[in-house]
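Okay, structure first, notes after.
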Amino acid sequence: MANSTTLTVRLTPKTKQRLGRLARQTKRTKSFLAGEAISSFVERELDIVEGVKRGLADMAAGRVVLHDSAMRRIRATVARAGKAKKAAR
């Protein structure tokens, strides 16, 4: 990492031991692996939060599909897929 900063993280002894084992087996440092894991987690969680925000904005703007309508669409799609699969046999 060209630019980095230090963060102290508390781990259970078991997790620290397993991280050490993984570091040895992959020939990486524990710090590198922990940094990669945290970075991946943060990106995934931010994507989830942004998706929830978009969903809430859609709801507020009235861009929603009622549950019964959505279920009818899903059932119809599944039925068409089943028919197509039978026809392909």
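So is L33 in contact with a helix residue (DSSP H, G or I) (Cβ under 8 Å, 6 or more places away or on another chain) and within 30 Å of R21 (Cα to Cα) or not? Judged against the criteria, L33 is a match. Looking across region 19-28, the residues that are more than 23 Å from the chain's Cα centre (by Cα) and surrounded by 12 or more Cβ atoms within 10 Å (Cβ to Cβ) come down to G20, A23, R28.
So if I check each of R89, R10, which one is loosely packed, with under 10 Cβ neighbours inside 10 Å and at pLDDT below 95? After applying the criteria, what remains is R89.
The values are calculated or read from the model by the stated rules, or taken from the named source; none is laboratory data. Small disclaimer: the values here were computed from a predicted structure and weren't measured. Cβ atoms come from the backbone with ideal geometry, glycine included; neighbour counts cover every protein chain shown.
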